[in-house]
Amino acid sequence: MDKTFKKVFIANGLAAHIMRIKRYKTTISYCIRYRRCGYSICVSASTIEKVKAKFLEATRPENIENYKKKHIKSPNNTVRSVATEWLKTKEKNIDPRTLRDYQMNCNLRIFPKIGDLRISRVRTSDITEIIDAEKGRVTETLFTIFKGIMLYAMANGDITYNPMLAVKFKKAARTNRRALSPQEEQTFFERIDLPEFEHYKPFFLLQYYFGLRPWELTDFHFENDFIVALNAKHEHNGEKVYKKIPVPSQLKARLDLSQSIEYNHKTDVLNRVFKRLMNDNTVTQYFLRHTFSTICQQYVRPDIVKIWMGDSPESLVGRVYTHFPDDFMRKQMDLVKFFA
């Protein structure tokens, strides 16, 4: 923009700047600009006479208030308020358990430290301090939460830079689970009938004989010699997916399937009870799932076991085009020999 001269024009008691601006090779326009005392007035025209007339019209008492700057008080965009908004946008997009985990981590680990800090004042060091104070997979969850909050804040104009860009994601070390050994299986069946484990026995047996994940115990029923259980790791068009597994004959001798079984225990509580049952603090409920898979693969094809486990077959044929009949699945389960 070529400004060839700049002068002052005084009208209605206001001293404004006049600028001649060269737009193109042969085109010149004139602009009068006034930005003082809470007003922002800018008019332009092709000649000085026209631009002065526009400015005089704009500064008349009945018009000048239209050019008064509107001071919009910026909201107190704290980490707590922005995070709460972000969590609300996630209600329909993520699993309810994941959402509760995010909310818990915000309330316990983020809000007490920087919850009342304006989001624009959060530095990378504030974030890394919170993440580095934790261990295991909690650090991954905190990284995901902070990343989501900051991207949401950027999208809404609350911040101009993203402090998460300088935070490196660190994958937590995984603890490899395993199947129960024959000696551990013997301990399991020797102690499962003790009175102190009576309320938990059905759920441990369901995990052993069907390889159910802890969360899948919350949604299952028996139907024509099969168990129909939630597949916690899969959805189809936003709807729940269920898996169908034949009931092993050995389970029928241990559990009355005609009785209603209602799951009303927390996963962490059930896990502590399982450690007590096994007299071993190193085992977890997931050992039962690993045991189910290990036993089944000794007697039937791996692709059949994948279906029972609720895992997706690797090939398109197995994932989309294969539909085994119930009679076939029943015969496959009859081949499996569990410990007891």
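The values are calculated or read from the model by the stated rules, or taken from the named source; none is laboratory data. What you see is a predicted model, and the numbers here were worked out from it, not measured in a lab. Note: ideal-geometry Cβ built from the backbone for every residue, glycine included; neighbour counts use all protein chains shown.
Evaluated against (1) in contact with a Leu (Cβ under 8 Å, 6 or more places away or on another chain); (2) acidic (Asp, Glu); (3) buried (at least 17 other Cβ atoms within 10 Å of the Cβ), Asp158 falls short on exactly one condition, (1). Within segment 280-303, track down each residue that is over 12 Å from Arg177 (Cα atoms) and surrounded by 21 or more Cβ atoms within 10 Å (Cβ to Cβ). Passing the criteria: Phe292, Ile295, Cys296. Among the residues making up segment 237-258, those that are surrounded by fewer than 12 Cβ atoms within 10 Å (Cβ to Cβ) and within 37 Å of the chain's Cα centre (by Cα) are Asn237, Gly238, Glu239, Lys240. Taking the listed residues Leu165, Leu212, Leu206, the one that is closer than 29 Å to Lys135 by Cβ and surrounded by 19 or more Cβ atoms within 10 Å (Cβ to Cβ) is Leu212, with no other qualifying.
If I ask for residues that are within 26 Å of the chain's Cα centre (by Cα), assigned to a helix (DSSP H, G or I) and at pLDDT below 75, which ones from segment 302-318 would you list?
From segment 302-318, those within 26 Å of the chain's Cα centre (by Cα) are 309-314; that's our starting set.
Now narrow it down to the ones that are assigned to a helix (DSSP H, G or I): 309.
Answer for segment 302-318, where residues must be within 26 Å of the chain's Cα centre (by Cα), assigned to a helix (DSSP H, G or I) and at pLDDT below 75: there is none.
Residues in segment 175-193 that are assigned by TED's automatic domain parsing to the domain that holds Leu288, closer than 23 Å to Lys266 by Cα and without any contact (Cβ under 8 Å) to a residue 60 or more places away in the chain: Asp193 only.
If you go through segment 115-165 one residue at a time, how many are farther than 21 Å from Thr89 by Cα and either touching an Asp or Glu at 6+ places or on another chain (Cβ under 6 Å) or among the aromatic types (Phe, Trp, Tyr) (or both)? Summing the residues that are farther than 21 Å from Thr89 by Cα and either touching an Asp or Glu at 6+ places or on another chain (Cβ under 6 Å) or among the aromatic types (Phe, Trp, Tyr) (or both) in segment 115-165 gives 1.
Being assigned by TED's automatic domain parsing to the domain that holds Asp219, of a type outside the set (A, V, I, L, M, F, W, C), modelled with pLDDT under 95 and under 20 Å from Arg213 (Cα atoms) narrows it down to one of Asp268, Asp326, so name that one. Break it down into steps so the answer makes sense when it comes.
Values: Asp326 fails: under 20 Å from Arg213 (Cα atoms).
Exactly one of Asp268, Asp326 is assigned by TED's automatic domain parsing to the domain that holds Asp219, of a type outside the set (A, V, I, L, M, F, W, C), modelled with pLDDT under 95 and under 20 Å from Arg213 (Cα atoms), namely Asp268.
Going through (1) farther than 30 Å from Leu14 by Cβ; (2) out of contact with any strand residue (DSSP E or B) (no Cβ under 8 Å at 6 or more places or on another chain) one by one, Asp116 falls short only on (2). Residues in segment 138-169 that are outside any loop (DSSP other than H, G, I, E, B) and of a type in the set (Ser, Thr, Tyr): Thr139, Thr141, Thr144, Tyr152. In segment 123-137, of all residues being of a type in the set (Gly, Ala, Ser) and not in a helix (DSSP H, G or I), the one that is modelled with the lowest pLDDT corresponds to Gly136.
I need the helices (runs of 4 or more DSSP H) fully contained in segment 38-122, keeping only those with at least 1 residues that are within 30 Å of Thr27 (Cβ to Cβ) and in contact (Cβ under 8 Å) with a residue 12 or more places away in the chain. Before the answer, list the steps.
Numbers: elements: 48-58, 79-89, 96-105, 111-114.
Ranges flagged: 48-58.
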